Structures are given as C-alpha cells and as structure tokens.
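Structure first, commentary second.
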Amino acid sequence: MRKTHLMVLGLIGVCLLTFSVCVSQAPGPGLIATAGWEKLGERMVRFTADHDVILAGRQGRFNRLMIVVRDSALEMYDIKVTFGNGQDWSPATRLIFGEDTRSRVIDVPGADRFIRRVDFFYRSVGASGGRATVELWGK
C-alpha cells in the first residue's frame, strides 16, 4: 500500500514538473507565435495617414498571409495584395487589432504566389494613438 502511495505521489510530481515546463515555454503576453512563417516586411504607422505599404519584394512563393500589429491598437479596413505578375487581390477583411495581436490566416487564391506589395488602409482605435508596427508574414 505504501509503495502504491509513493508511486502516485511520484506521478503527480512528474505531471507538475511537465506542466511547469510547458507553461514556461508558452508565449507570454505580447509574444505572437510565428514559427514556420517568413517575415515579408514591416511598417511603422503613425496614424497621421490612413494608408501605408509593405514592399515584400520577391522573397519566395506563398499561399498564406498573416498580419501582426504591435505597440498599439488599430482598425484595418482594407487590404490590397499585389502579386509578382502585377495582379491585385483584396481579401474581404475588416480587422480590428488590439495591441500585440495578429490576424487570422489569410489564404491566397490559386497556387503559391510571389507577393510584391501589400497596401493597407487603417485608422487608430480608441485612445491608443501614437504609432503601431504592422508586420506581414507569409507561409
């Protein structure tokens, strides 16, 4: 009986140790998981304008995009993606970002595509003011 009790306590200890390791490796507040994604560019926005561009260049072919907003909240009410062949595509989006958040995964139509640039139209949300950093990620 005593041996079984010690085994149960040992298993509980191992479970608690495993849990503490998993929690310590989880992203903390403000950290956004981007493993497996490639950063295509970023732009600091100041809210004195309502339109900015991230020039992605020709870094590779992508079929998914994600937008990360750091440092301030903003509303992104339009996005225009320009592909390497000059075609434009505007996904149906109206995104409201809190500080240090990301968009859902945005599927690019067709096969993998070169992303030349992304135009985005935005405004400040609430009293956040200041500036935000908008990052474009591809996969």
So is ARG94 of a type in the set (Lys, Arg) and buried (at least 18 other Cβ atoms within 10 Å of the Cβ) or not? no
Any residue at all in the range 56-63 that is more than 21 Å from GLY36 (Cβ to Cβ) and over 16 Å from the mean Cα position of the chain (by Cα)? no
Residues that are closer than 21 Å to THR34 by Cα and either touching a Pro at 6+ places or on another chain (Cβ under 6 Å) or of a type in the set (A, V, I, L, M, F, W, C) (or both): does the range 122-129 have at least one? no
Can you name the condition, by its number, that THR34 falls short on among (1) modelled with pLDDT of 85 or more; (2) closer than 15 Å to VAL134 by Cα? (1)
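Within the range 42-56, can you find the residues that are in contact with a strand residue (DSSP E or B) (Cβ under 8 Å, 6 or more places away or on another chain) and over 13 Å from VAL81 (Cα atoms)? Walk me through it before giving the result.
First, the residues of the range 42-56 that are in contact with a strand residue (DSSP E or B) (Cβ under 8 Å, 6 or more places away or on another chain): 42-45, 47, 50-56.
GLU42, ARG43, MET44, VAL45, PHE47, ASP50, HIS51 - these are the residues of the range 42-56 that are in contact with a strand residue (DSSP E or B) (Cβ under 8 Å, 6 or more places away or on another chain) and over 13 Å from VAL81 (Cα atoms).
Table: residues versus (1) surrounded by 13 or more Cβ atoms within 10 Å (Cβ to Cβ); (2) farther than 20 Å from TYR122 by Cβ; (3) modelled with pLDDT under 90.
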position: VAL45; (1), (2), (3): yes, no, yes
position: LEU65; (1), (2), (3): yes, no, no
position: SER72; (1), (2), (3): yes, no, yes
position: SER90; (1), (2), (3): no, no, no
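The values are calculated or read from the model by the stated rules, or taken from the named source; none is laboratory data. Values in this document were obtained by computation on a predicted structure and should not be read as measured data. Quick reminder, even Gly has a Cβ in these numbers, built from the backbone with ideal geometry, and neighbours come from all protein chains shown.
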